[in-house]
Amino acid sequence: MLKKVVKNAEEAIIDITDGATIMLGGFGLCGIPENSITALVNKGIKNLTCISNNAGVDDFGIGLMLKTRQVKKMIASYVGENAEFERQLLSGELEVELIPQGTLATRCMAAGYGIPAIYTPAGVGTEVAEGKETREFDGKTYLMEHAFKSDFAIVKAWKGDTHGNLIFRATSRNFNPLMAMAGKITIVEVEELVQPGELDPDMIHTPGIYVNRIFKGVNYEKRIEQVTVTKR
Amino acid sequence: MLDKFGIAKRIAKELQDGYYVNLGIGIPTLVANYVPHGIEVILQSENGLLGIGPFPFEEDVDADLINAGKQTVTTTKGSSFFDSAMSFGMIRSGRVDLTVLGAMEVADNGDIANWKIPGKMVKGMGGAMDLVASAKNIIVAMQHVNKAGESKLLNKCSLPITGLGCVKKVVTELGVFDITAEGFKCIEYAPGVGLDYIKEKTLGRLVIADDVREMSID
């Protein structure tokens, strides 16, 4: 019997302890695992290494975990929307590894595909390349980048079934399906949790084999960083 | 001299029918407002959308539907969604015809710096390093000088590099510059801007095209 369904975020993160490496899905605040972040903040675990494209904003998303100094190291591609992050970084309180966004995504993908490393042209000739192995293919230089090793991946999907099959919605997909494949333990929160058979197998973005725990999230705020509208 | 809208208008003239285009944050995003009539381009947003539509009406705002600048957007007929790995897959494999991005500095050999000012500002490279390492055609949209009045068109970038020898063209409020073996080649000057002024404001190697002409943007 498959037993992936847990009651809530607290139960889903029950074995995450100090010093863990955690991937968190989302692009900006779009598609972030809100319930799980709140549970991590409440649990108060420290010295975390977080892998996520961004670091939230000062009072939402991963920004909440930065405020409580729970993050020791942040691996991200863009952190421009978070003043507290920039302050901790420039003062040396927070260890930060900035990596190209495509490299971040592809290192997640490689982990989920069982491939130890990839070659990418992104970052050749820059700080990102320092200390990394390079190789030439067809006259162009590429960097070797390793697949991520992460204790946990925490992602947010739109719909999921109790087998862990997942469907994402619009641009809240972003890093979520990639990180779902890349954690040693993958935790998923969904807006809608359904029974097996209710989702069309052709429409599944992430097959349930990658998912260890799933729960129905509550009270999604889905904060928007920049509401831009067309006037009628 | 152009304002930022003028820079965007001039870059829009580089668009060709059927192009897939990635527009960076800031002035590049404005280019979408000036796509010439009769031309269809498909805008790529690296957070996982091909076919970016206009901003939504207020009642249609959807938190799950944003562009790479984290602004709410819409889809268009024929749009598609995908994950971030596939997004950069289409970028690295050369499917994107034109990339327009901003910069802090550009060197006369096509090097670009736009992600970090050591000790002062760290925002990160986002998708810029992936884009500049792979894109076939990269146009930089930026101000010719920084806030201190210093040229951003240099012999060599002083800030940390984003990519080497990748920029093909620079459009500033003063003119249009191709990156050539001889350095920045001024092919157009903005209305009301003299070539001497451009020379004064350009630190990198500068040559003036034989057929240099005044820019037309309307």
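Shape verdict for the stretch B:19-99, please, from the Cα gyration tensor: rounded (a/c under 1.5), prolate (a/b greater than b/c) or oblate.
Because a/c hits 1.5 or more and a/b fails to exceed b/c, the stretch B:19-99 counts as oblate.
Which value at 222 nm does the protein assembly as shown reach when only helices count, each DSSP H run of 4 or more adding -39,500 (n - 2.57), with the total divided by all residues and rounded to the nearest 500 deg cm²/dmol?
That calculation yields -4500 deg cm²/dmol at 222 nm.
Which order, highest average first, do A:151-163, B:12-24, B:156-168 follow once you tally other Cβ atoms within 10 Å for each residue and take the mean per peptide?
Ranking, from highest mean packing down: A:151-163, B:156-168, B:12-24.
In µm²/s, what is D for the stretch A:77-166 at 25 °C and 0.890 mPa s, where D = kT/(6 pi eta Rh) by Stokes-Einstein and Rh is the Kirkwood radius from Cα pairs?
The estimated diffusion coefficient comes to 157 µm²/s.
Given axes a ≥ b ≥ c from the Cα gyration tensor, I'd like to know whether the stretch A:5-86 is rounded (a/c under 1.5), prolate (a/b larger than b/c) or oblate.
prolate
Just order B:45-53, A:103-111, A:17-25 by mean Cβ neighbour count inside 10 Å, highest at the front, would you?
Highest-to-lowest ranking by the protection proxy: A:103-111, B:45-53, A:17-25.
So what's the convex hull volume per residue for the Cα atoms of the protein assembly as shown, in Å³?
In the protein assembly as shown, the Cα convex hull volume per residue is 154 Å³.
If a/c stays under 1.5 just call it rounded; otherwise compare a/b with b/c (prolate if a/b is bigger, oblate if not). Do that for the stretch A:1-138, with a ≥ b ≥ c from the square roots of the Cα gyration tensor eigenvalues.
It comes out oblate by the Cα gyration axes.
Give, in whole angstrom and from largest to smallest, the semi-axes √(5λ) of the equivalent ellipsoid of the stretch A:132-232, with λ running over the eigenvalues of the Cα gyration tensor.
30, 22, 14
Report, in listed order, any pair from B:Lys13/B:Lys116; A:Lys46/A:Lys140; A:Lys149/B:Lys116; A:Lys43/B:Lys123; A:Lys149/B:Lys168; A:Lys46/B:Lys123 with a Cα-Cα distance greater than 32 Å.
Exceeds cut-off: A:Lys46/A:Lys140; A:Lys149/B:Lys168.
Please give every one of the aspartates and glutamates within straight-line cross-link reach of B:Lys147, meaning a C-alpha to C-alpha distance under 20 Å, and leave out same-chain neighbours fewer than 8 residues apart.
Qualifying aspartates and glutamates at Cα under 20 Å: B:Asp3, B:Glu105, B:Glu173, B:Glu200.
From other protein chains only, count the Cβ atoms within 10 Å of every residue's Cβ in B:163-170, then give the mean.
2
How many percent of Cα pairs in chain A exceed 21 Å?
56
Check A:Thr206: other-chain or 5+ apart residues with amide H under 5 Å from its amide H, H built from backbone geometry?
A:Leu166
Which order do the peptides A:7-14, B:175-182, A:170-177, A:27-34 take when ranked by the mean count of other beta-carbon atoms within 10 Å per residue, highest first?
A:170-177, A:27-34, B:175-182, A:7-14
Let me have the relative contact order for chain B, percent, based on Cα pairs under 8 Å that are six or more residues apart.
Across chain B, relative contact order equals 19 percent.
What does the average come to when, for each residue of peptide A:23-29, you count the partner chain Cβ atoms lying within 10 Å of its Cβ?
What the average comes to for A:23-29 is 3.
Rounded to whole Å, give me the distance from the Cα center of the stretch B:94-145 to that of the stretch A:111-186.
23
Find the all-direction average of the projected area of the Cα convex hull for the stretch A:124-177, expressing the result in square nanometres with one decimal place.
6.6
Relative contact order for chain A: what percent, with Cα pairs under 8 Å and sequence separation of 6 or more?
23
Using the Cα atoms as the points, what is the convex hull volume per residue of chain B in Å³?
135
Calculate the mean, over all residues of peptide B:54-63, of how many other protein chain Cβ atoms lie within 10 angstrom of the residue's Cβ.
5
Every read-out reported here was derived from the displayed coordinates using simple, explicitly stated rules and does not represent laboratory data. Computed from a predicted model, the values in this text were never measured in an experiment. Neighbour counts are summed over all protein chains in view; Cβ atoms, including those assigned to glycine, are modelled from backbone coordinates with ideal geometry.
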